[in-house]
1. Specify the residue that is surrounded by the fewest Cβ atoms within 10 Å (Cβ to Cβ); the eligible residues are those in region 24-52 that are over 24 Å from residue 224 (Cα atoms) and free of Cβ contacts under 8 Å to residues at least 40 places away in the same chain.
2. Would you kindly identify the helices (runs of 4 or more DSSP H) lying entirely within region 160-272 that contain at least 1 residues that are away from ligand 2 (no atom under 16 Å from the Cβ) and surrounded by 15 or more Cβ atoms within 10 Å (Cβ to Cβ)?
3. Condition first: within 8 Å of ligand 1 (Cβ to nearest atom) and touching a helix residue (DSSP H, G or I) at 6+ places or on another chain (Cβ under 8 Å). Now tell me which residues in region 184-201 satisfy that.
4. Can you tell me which residue in region 115-159 is farthest from ligand 2 (Cβ to nearest atom), limited to those that are part of a loop (DSSP other than H, G, I, E, B) and without any contact (Cβ under 8 Å) to a residue 40 or more places away in the chain?
5. Answer yes or no as to whether residue 118 is in the same structural domain as residue 58 (by TED's automatic domain parsing), more than 16 Å from residue 69 (Cβ to Cβ), under 9 Å from the mean Cα position of the chain (by Cα) and buried (at least 24 other Cβ atoms within 10 Å of the Cβ).
6. Among the residues of region 1-23, what is the count of those that are over 19 Å from the mean Cα position of the chain (by Cα) and surrounded by 20 or more Cβ atoms within 10 Å (Cβ to Cβ)?
7. Would it be correct to say that residue 156 is surrounded by fewer than 19 Cβ atoms within 10 Å (Cβ to Cβ), over 13 Å from the mean Cα position of the chain (by Cα) and within 15 Å of residue 25 (Cβ to Cβ)?
Ligand code: SF4
Ligand code: SF4
């Protein structure tokens, strides 16, 4: 097995949802050739419990997933080391506050994941995975082992620009600027101090103000389609309707002759013929 296959197998067995790698950039630690990004999905039930403020369940889940990511990154690093390579783990949730560098870790997990082709940056300043949106947490390690077999093609930024995160932020910390490029300066998207201070002030009773998650919970990207009480879930198989996204699962109401009523991307409900959808 190649090193890439060994990493994939070891991490998939642990429960890591996806891994991908990118050649190291000029901010990478000296001597390292690649960053390896690990994606762990968050519980949809926990995320959906966040309504206007974080929950104790979310704080517990956040800490548990971070601890898991640290362990998974360690397992990947030990595997690399057993095979003669060097590695450097980045803490799953560790701020290194040195002068001029606040609310930042050793290296940005989001930047590593974007460079690896896993997703893009949202107006929420959250990383949006191309399938699961912001409902993920990321781990990163650097290695001197070449990992070209784990590089993915760059994907389109999944952020729709809907501004739901901007409107929902209780700290008015998000700028709402239209910045589809992933490497835009953080301050153009968010006031990190406003976000952090709001959490510390408002949510002391929930994990001493370490989490919020409101902008994550409202983001439509990666939200599982909700089955309506009187309907079904249908997957769009039409590639050329401007109001539908091919492959996306929509909640639908069945009409006569197999037609279904679906709320399209413009927010309006239309009736569509059966050949545009298949049951999800
Ligand atoms: S985590 Fe909370 S306070 Fe911070 S940007 Fe998101 S919604 Fe606003
Ligand atoms: S809520 Fe809308 S604007 Fe904000 S990150 Fe998600 S898709 Fe982008």
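1. Among them, the one singled out is 26.
2. Counting at least 1 such residues, we get 192-202.
3. Result: 199, single match.
4. Only one residue fits best here, namely 153.
5. Answer is no for this residue.
6. So the count comes out to 1.
7. Values: surrounded by fewer than 19 Cβ atoms within 10 Å (Cβ to Cβ): yes; over 13 Å from the mean Cα position of the chain (by Cα): yes; within 15 Å of residue 25 (Cβ to Cβ): no.
Criteria not met by residue 156.
The values are calculated or read from the model by the stated rules, or taken from the named source; none is laboratory data. Predicted model only: the values in this text are computed from it and were never measured. Every residue, glycine as well, gets a Cβ built from its backbone with ideal geometry; the counts of neighbours run over all protein chains shown.
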